[in-house]
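All remarks here apply to the structure that follows.
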Amino acid sequence: MRRRVIAGNWKMYKTQAETRAFFTAFLPLVAGAGHCDIVIAPPYPSLAAAAEAARGSAVGIAAQNVFWEKEGAFTGEVSAGMLAEAGCRYAIIGHSERRQFFGETDETVAKRSKAALAAGLTPIVCVGELLAEREGGKTEEVLGRQFRGGPGSLTAEEFSRILLAYEPVWAIGTGRVATPEIAAAAHRSLRQCAAEKFSAAAASALRILYGGSVKPDNIKGLMAQEELDGALVGGASLDAKSFAAIVNH
Ligand code: PEP
């Protein structure tokens, strides 16, 4: 039985004060939620405030990205060790906004994942197809390519420590959620990639989150699919009540 994960990606929202206020409201609402791992990814300047606010709770903190070098002349970048020291336990890697606006590739996804793992962080590696790719019948091909070039290039030991997030780009921030059946089919195809590259055991242990317009009113239907091992939530994770409703679905 794979333990589910509900993760919130705050993107470029919430100051340190807003982060503290969120946790004050959110933690009591999820105090009884023992059924899943809860993760929140604030922007870099709010990480330490989030880690401090979450201390002693079941909520893990994630970075939204990570650079692969340990230190050096890399202006604007942050290393995995620095993130771990700031209180992170996870790092989102290869989010479609990073791929779309900041030139992220499958190769850099692999490098970031290795660096995160070496520092003890759990990567949440994102993959997903564009609308044109889905409409062109290319979803499986795209997912296969992203898998093989990114998480598929890790060692088996490294791979056993990652989370995968299937995030169809057409569903992110659009209000157009994938149907539970569409999401489950994509998860099955990713699990098949994992079985081919690693082993059947590695594939069945892999936790794959669905992301794309997850809201309190659609989480139940999505989580009714056994293939879905949790959710990566953007917009709806910014409000304590709505994210708690998703966690407590
Ligand atoms: C995301 O940012 O990963 C995401 C899934 O966003 P939203 O839930 O707002 O679609």
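So V247 fits all but one of (1) within 15 Å of the ligand (Cβ to nearest atom); (2) farther than 21 Å from F26 by Cβ; (3) not aromatic (F, W, Y); what number is the exception?
(2)
Looking at (1) within 16 Å of the ligand (Cβ to nearest atom); (2) hydrophobic (A, V, I, L, M, F, W, C); (3) without any contact (Cβ under 8 Å) to a residue 24 or more places away in the chain, which is the only condition A201 fails?
(1)
Could you check the range 77-112 and list, in sequence order, the residues that are part of a loop (DSSP other than H, G, I, E, B), without any contact (Cβ under 8 Å) to a residue 24 or more places away in the chain and more than 22 Å from A50 (Cβ to Cβ)? So that I can check it myself, show each step before the final result.
Of the range 77-112, the ones part of a loop (DSSP other than H, G, I, E, B) are 77-78, 86-89, 94-95, 103-105.
Cutting the leftovers down to without any contact (Cβ under 8 Å) to a residue 24 or more places away in the chain gives us 77, 103-104.
The answer is G103, E104.
What is the one condition in (1) in contact with a helix residue (DSSP H, G or I) (Cβ under 8 Å, 6 or more places away or on another chain); (2) surrounded by 16 or more Cβ atoms within 10 Å (Cβ to Cβ) that M82 does not satisfy?
Tallying (1) in contact with a helix residue (DSSP H, G or I) (Cβ under 8 Å, 6 or more places away or on another chain); (2) surrounded by 16 or more Cβ atoms within 10 Å (Cβ to Cβ), M82 fails exactly one: (1).
Can you name every residue in the range 1-53 that is within 29 Å of E227 (Cα to Cα), of a type in the set (G, A, S) and either touching a Cys at 6+ places or on another chain (Cβ under 9 Å) or in a helix (DSSP H, G or I) (or both)? Steps first, please.
Filtering the range 1-53 down to residues within 29 Å of E227 (Cα to Cα) leaves 1-11, 26-27, 29-42.
Checking which are of a type in the set (G, A, S) leaves us with 7-8, 31-34, 41.
Hit for the range 1-53 is A41, nothing else.
Check V142 against each of (1) touching a residue at least 24 places away in the same chain (Cβ under 8 Å); (2) crowded, with 17+ Cβ neighbours inside 10 Å; (3) out of contact with any Cys (no Cβ under 9 Å at 6 or more places or on another chain) and name the one condition it does not meet.
For V142, the failing item is (1).
Could you check the range 62-76 and list, in sequence order, the residues that are in a loop (DSSP other than H, G, I, E, B), among the aliphatic types (A, V, I, L, M) and open to solvent by less than 40 Å² (accessible area, probe 1.4 Å)?
V66 - this is the single residue of the range 62-76 that is in a loop (DSSP other than H, G, I, E, B), among the aliphatic types (A, V, I, L, M) and open to solvent by less than 40 Å² (accessible area, probe 1.4 Å).
For the range 89-106, which positions are away from the ligand (no atom under 16 Å from the Cβ), out of contact with any helix residue (DSSP H, G or I) (no Cβ under 6 Å at 6 or more places or on another chain) and of a type outside the set (S, T, N, Q)? Spell out how you get there, then give the answer.
Of the residues in the range 89-106, the ones away from the ligand (no atom under 16 Å from the Cβ) are 89, 103, 105-106.
Those left that are additionally out of contact with any helix residue (DSSP H, G or I) (no Cβ under 6 Å at 6 or more places or on another chain): 89, 103, 105.
Residues satisfying the conditions are R89, G103.
Here is a list of conditions, (1) more than 15 Å from the ligand (Cβ to nearest atom); (2) free of Cβ contacts under 8 Å to residues at least 40 places away in the same chain; (3) more than 21 Å from R134 (Cβ to Cβ), and Q192 meets all of them except one; can you say which number that is?
Of everything listed in (1) more than 15 Å from the ligand (Cβ to nearest atom); (2) free of Cβ contacts under 8 Å to residues at least 40 places away in the same chain; (3) more than 21 Å from R134 (Cβ to Cβ), Q192 misses just condition (3).
Restricting to the range 89-117, name every residue that is among the small types (G, A, S) and surrounded by fewer than 19 Cβ atoms within 10 Å (Cβ to Cβ).
Applying the first criterion (among the small types (G, A, S)) to the range 89-117 yields 91, 94, 96, 103, 110, 113, 115-116.
Matches in the range 89-117: G103 only.
Checking the structure you have, find out if any residue of the range 118-135 is over 16 Å from the mean Cα position of the chain (by Cα), open to solvent by less than 70 Å² (accessible area, probe 1.4 Å) and among the hydroxyl-bearing types (S, T, Y).
no
Tell me which residues, restricted to the range 19-36, are in contact with a helix residue (DSSP H, G or I) (Cβ under 8 Å, 6 or more places away or on another chain) and open to solvent by 90 Å² or more (accessible area, probe 1.4 Å). Show your work before the answer.
Residues of the range 19-36 that are in contact with a helix residue (DSSP H, G or I) (Cβ under 8 Å, 6 or more places away or on another chain), as a first pass: 19-20, 22-27, 29-30, 33, 36.
Matches in the range 19-36: R20, T24.
The values are calculated or read from the model by the stated rules, or taken from the named source; none is laboratory data. This one's a predicted model, so the numbers in the text were calculated from it and none came from an experiment. Here the Cβ is made from the backbone with ideal geometry for all residues, glycine too, and neighbour counts use every protein chain on show. These accessible areas exclude ligands, DNA and RNA; they are computed on the full protein's heavy atoms, side chains included. Shrake-Rupley method; radii C 1.70, N 1.55, O 1.52, S 1.80 Å.
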